[in-house]
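First up is the structure itself, then whatever we jot down about it.
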Amino acid sequence: MNPIPRKTYKLGQVLIVLVSMMALASPASAQTLSEPQASPVARPKIGLVLAGGGAKGAAHVGVLKVLEEMHIPVDYVAGTSMGSIVGGLYASGLSPQEIEREIQSIDWKDVFKDNPNREDRSFRRKQDDALYVFKAKPGFNEGKIEMPLALVHGQKFDLQLNRLTARVSNIKDFDRLPIPFRAIATDLETGREVVLKFGNLARSLRASMAVPGAFDPVDIDGKLLVDGGISNNVPVSVARAMGADIVIVSDLGSDMLTRDQITSALSIAGQMVNFLFALNSQEQLRSLGPKDVLITSRLGDIGAGSFDRIDEAMPIGEQAARQATESLRRYSGSPEDYHRHLAARTKPAAGGGKLAFVRIDNQSRVSDAVIASQISAKPGEPLDVAQLEREIQQIYGLELFESVRYELMEEDGQTGMVIRTKEKPWGPGYLQAGLISSSNFEGDSAFRLGVTYTLTQINPLNGELRIGGQIGDETALFGEIFQPLDPAARYFVTGKLGYASRNINLFDSAGNNITQARARGIGLELGVGRQFGTWGEVRLGYRRETGEIDVGIGAPAPGQDYDIGQFLVRLTDDKLDSAYFPTKGHAGKVELRMSREAFGADTDFDQATLSYSHAFSWGRNTLLGGVYMNLTPDENAPIQSLSRMGGFLRLSGMAQDQLTGQQAALARLIYLRRINDIQMFKGYAGVSLELGNVWQDSGDIFNKSIVAGSAFIGTDTPVGPVYLGYGHTNRGDWSLYLFLGPLFSF
């Protein structure tokens, strides 16, 4: 074999080295090209599902605390009913601790009372308290009686939700909230689930919790929406549709009422709702997989309506979540990762800027100016939410609207406000009935049954027409018109025409009823006045009446004609929180009457009336003090204009209006103690001390005064206040009383 040339040999060595280097390098190079290095495993998206359950839903707050403590990121939230309230607030950026403070600060008893607080009612509506006492005011229009769609219209609840979601009021796409969110409601017409993901967040939360029959349905996009628990109480399917890989469900259980707990029609209805909620909840819970987490809070005897026990529900939810920590731990992130997750959430813009516009969306017969006159917010000025809420409640206190709410809106990068009013669908005409009855169990009794029909909004300034009638021991029939002269109803005119009868009793010094007469007359009253907000008015009026007085018991006497013709000026103040069982505030009246033959009266005389009451409370206790005086300085008032005194809390122990004279005065101190907390039948026990009398001469006032006192129990019922009492005087008079009707005003 010939030897390999030296040059060729060296070249071969170089090639071998190069091939060897390529061989050594090729595995690593091939791996780099064909198998890219593995990236960290993507975190699964977590959806939080919060079930409905009324007050029981406060347990969700405890669950949220544990999730945050364990650094579990939440990417989506879906909630129903109370679950939507808690979930919506969390999705809007509130922490569990902030939600807890807000829920605890709400006066739930007041929120679910539909009637406006008395201090927010218009002065005109406050005067209705002395008319007839039945609280229900059904509509009467086109010959049909109409009723509201629910017990509660949610006016106060709407304001609470508006305030709690104000920081995200400009966000209309719920995917743009700090955490994407869905609220579940039910279409009242079809019974189908409605997933709310756009619009006004507060309104959506309100719709999701609109329990049928208890809360008014909410109109959104032409659909009447009610509580989502009817169609999907545990919206697992909604969270998955949002993109959740894993769902964490906070369930509240579906405990059924036991046979012993089913004691009324209401409890039966509640059990039917439990069945419905349980069925759709079970369907959703069956869809959970091994990677999902179910947290069930067992609330025991805390029911859907136990809003007074919300403080007890939250720690139960926290305890239930801690019992599920083993299942939850696999989704815990490091503190650093969790803080990065929180930092990536959308931050709602800070509020407090100036309003670019203020608009009125008015769905009623009154003019926009009537509503605008009550609103102080102006374009170019910052919004005072507390002041706005007070003003909205006063608009609601006109008792024309089913709801009055506000909404912050963004247009062209600027934030403004819209006030939305919705007229009562059962208006504008309303019936109100009443029954006033009293008895001293000795044959002296009074009974009056009356009804009024009030037609509101007869013109854009909210003029109203009222007709009414009364039967019983004092009959009456009247028609009245009340017409504001400006949008704020600061100035007004009024006119009233009617027939009335009233009893006039004269007693001797021994307490015997020696004369019982009855005055029957036709009268006209005209007035013009100025109202001061919701608390009072000053009125100048003229009263003309002509009639006859017949003697029914006593010495036979022919009928006596009489004529009344007088001008009056009256200043009235009313800041009591209740006309029937006041706990705070005051009320007063000063009235001067000038009767002259030139005005149509039989006799020239002057009279003055002064009354004042003040209530002060601590805990369950209330002191109510007051004075009353009706004076005739020239001491020549005719029989139909005499002062009267006597009866329960007006010198208790005596018969009703037993004393008659030219002058009358009374001072009294009443102590009340609330003895139960039943919302529609609050009960009270009380005692009174009274000092007063009637006199013929003005110089004798408070000489030979009668001292009287009483002990009584009373309750505020849907048909008015009822009292059962015993009264006694230092003269030996005593009497038992059963009284239905207002008592604490003079």
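Just one of (1) farther than 15 Å from Ala655 by Cα; (2) assigned to a strand (DSSP E or B) fails for Tyr726. It is (1).
In summary, Gly191 fulfils each of the numbered conditions (1) out of contact with any strand residue (DSSP E or B) (no Cβ under 9 Å at 6 or more places or on another chain); (2) crowded, with 18+ Cβ neighbours inside 10 Å; (3) not in a helix (DSSP H, G or I) with the single exception of condition (2).
On the given criteria, is Ala664 free of Cβ contacts under 8 Å to residues at least 40 places away in the same chain, open to solvent by less than 20 Å² (accessible area, probe 1.4 Å) and touching a Lys or Arg at 6+ places or on another chain (Cβ under 8 Å)? It would help to see each step written out before you state the result.
Values: free of Cβ contacts under 8 Å to residues at least 40 places away in the same chain: yes; open to solvent by less than 20 Å² (accessible area, probe 1.4 Å): yes; touching a Lys or Arg at 6+ places or on another chain (Cβ under 8 Å): yes.
Here the answer is yes, as Ala664 does meet what is asked.
The test for being open to solvent by 50 Å² or more (accessible area, probe 1.4 Å) and assigned to a strand (DSSP E or B) does not hold for Leu624.
Of the residues in region 267-282, none is assigned to a helix (DSSP H, G or I), at pLDDT 95 or above, within 28 Å of Val74 (Cβ to Cβ) and among the hydrophobic types (A, V, I, L, M, F, W, C). Scanning region 427-439 finds no residues that are touching a residue at least 40 places away in the same chain (Cβ under 8 Å), open to solvent by 30 Å² or more (accessible area, probe 1.4 Å) and in contact with an Asp or Glu (Cβ under 6 Å, 6 or more places away or on another chain). Within region 476-506, the set of residues being open to solvent by 50 Å² or more (accessible area, probe 1.4 Å), over 30 Å from Gly646 (Cβ atoms) and aliphatic (A, V, I, L, M) comprises Ile481, Leu485, Val493, Leu497. Which of the residues that make up region 135-179 are buried (at least 20 other Cβ atoms within 10 Å of the Cβ), in contact with a strand residue (DSSP E or B) (Cβ under 8 Å, 6 or more places away or on another chain) and under 20 Å from Val77 (Cα atoms)? Passing the criteria: Asn162, Ser169, Phe174, Ile179. Just to be sure, is Asn232 in contact (Cβ under 8 Å) with a residue 12 or more places away in the chain, of a type outside the set (A, V, I, L, M, F, W, C) and closer than 27 Å to Leu285 by Cα? For Asn232, the condition - in contact (Cβ under 8 Å) with a residue 12 or more places away in the chain, of a type outside the set (A, V, I, L, M, F, W, C) and closer than 27 Å to Leu285 by Cα - is met. For region 448-459, what are the residues that are exposed (fewer than 15 other Cβ atoms within 10 Å of the Cβ) and more than 14 Å from Ala433 (Cβ to Cβ)? The answer is Asn459, and nothing else.
Are any of the residues in region 594-609 surrounded by fewer than 18 Cβ atoms within 10 Å (Cβ to Cβ) and within 38 Å of the chain's Cα centre (by Cα)? So that I can check it myself, show each step before the final result.
Step one: of region 594-609, the residues surrounded by fewer than 18 Cβ atoms within 10 Å (Cβ to Cβ) are 594, 596-600, 602-604, 606, 608.
Then keep just the ones that are within 38 Å of the chain's Cα centre (by Cα); that gives none.
No.
Quick check on region 299-308. Is at least one of its residues surrounded by fewer than 19 Cβ atoms within 10 Å (Cβ to Cβ) and under 24 Å from Pro180 (Cβ atoms)?
First, pick out the residues of region 299-308 that are surrounded by fewer than 19 Cβ atoms within 10 Å (Cβ to Cβ): 300-301, 303, 305-306, 308.
Narrowing further to those that are under 24 Å from Pro180 (Cβ atoms): none.
Within region 299-308 (the criterion being surrounded by fewer than 19 Cβ atoms within 10 Å (Cβ to Cβ) and under 24 Å from Pro180 (Cβ atoms)), the answer is no, since none of the residues qualifies.
Applying a threshold of 6 Å to beta carbon distances and a minimum spacing of six or more residues, or different chains, the list of pairs starting in region 342-368 at a residue that is over 30 Å from Gln483 (Cβ atoms) and at pLDDT below 90 and ending at one that is of a type in the set (Asp, Glu) and open to solvent by less than 40 Å² (accessible area, probe 1.4 Å) is empty. Taking (1) farther than 23 Å from Arg518 by Cα; (2) crowded, with 16+ Cβ neighbours inside 10 Å in turn, Gly468 satisfies each apart from (1).
For region 74-81, state whether one or more residues are open to solvent by 10 Å² or more (accessible area, probe 1.4 Å), part of a loop (DSSP other than H, G, I, E, B) and at pLDDT 95 or above. Talk me through it step by step, then tell me what you get.
Looking only at region 74-81, we keep the residues that are open to solvent by 10 Å² or more (accessible area, probe 1.4 Å), and these are 75-76.
If we keep only those that are part of a loop (DSSP other than H, G, I, E, B) too, we end up with 75.
In the following step, the residues that additionally are at pLDDT 95 or above were identified as 75.
Checked against the condition, which is being open to solvent by 10 Å² or more (accessible area, probe 1.4 Å), part of a loop (DSSP other than H, G, I, E, B) and at pLDDT 95 or above, region 74-81 yields at least one hit.
What residue, among those in region 55-73 that are part of a helix (DSSP H, G or I) and open to solvent by 10 Å² or more (accessible area, probe 1.4 Å), is farthest from Tyr338 (Cα to Cα)? Restricting to residues being part of a helix (DSSP H, G or I) and open to solvent by 10 Å² or more (accessible area, probe 1.4 Å), the top hit is Lys56. Considering region 200-259, the qualifying strands (runs of 3 or more DSSP E), each wholly inside and each with 3 or more residues that are open to solvent by less than 10 Å² (accessible area, probe 1.4 Å), run over 223-227, 246-251.
Look at region 393-414: where a residue is without any contact (Cβ under 8 Å) to a residue 60 or more places away in the chain and a partner is surrounded by fewer than 17 Cβ atoms within 10 Å (Cβ to Cβ), sitting 6+ places away or on another chain with Cβ atoms under 8 Å, you get Glu411/Ala356; Glu411/Phe357; Gln414/Ala356; Gln414/Phe357. Can you find a residue that is surrounded by 11 or more Cβ atoms within 10 Å (Cβ to Cβ), over 44 Å from the mean Cα position of the chain (by Cα) and at pLDDT 80 or above anywhere in region 22-43? Yes: region 22-43 contains one or more residues that are surrounded by 11 or more Cβ atoms within 10 Å (Cβ to Cβ), over 44 Å from the mean Cα position of the chain (by Cα) and at pLDDT 80 or above. Would you say Gln432 is at pLDDT below 90 and within 30 Å of Phe140 (Cβ to Cβ)? Taking the combined requirement at face value, the residue satisfies it.
Out of all the residues in region 156-214, which are of a type in the set (Val, Ile, Thr) and in contact (Cβ under 8 Å) with a residue 24 or more places away in the chain?
Those that are of a type in the set (Val, Ile, Thr) and in contact (Cβ under 8 Å) with a residue 24 or more places away in the chain: Thr165, Val168, Ile171, Ile179, Ile184, Thr186, Val194, Val195, Val211.
The values are calculated or read from the model by the stated rules, or taken from the named source; none is laboratory data. Just so we're clear, the structure is a prediction, and the values are computed from it rather than from any experiment. Neighbour counts run over all protein chains shown; Cβ positions are idealised from the backbone, glycine included. These area figures cover heavy atoms from the full protein model, side chains too; ligands, DNA and RNA do not enter into them. Shrake-Rupley method; radii C 1.70, N 1.55, O 1.52, S 1.80 Å.
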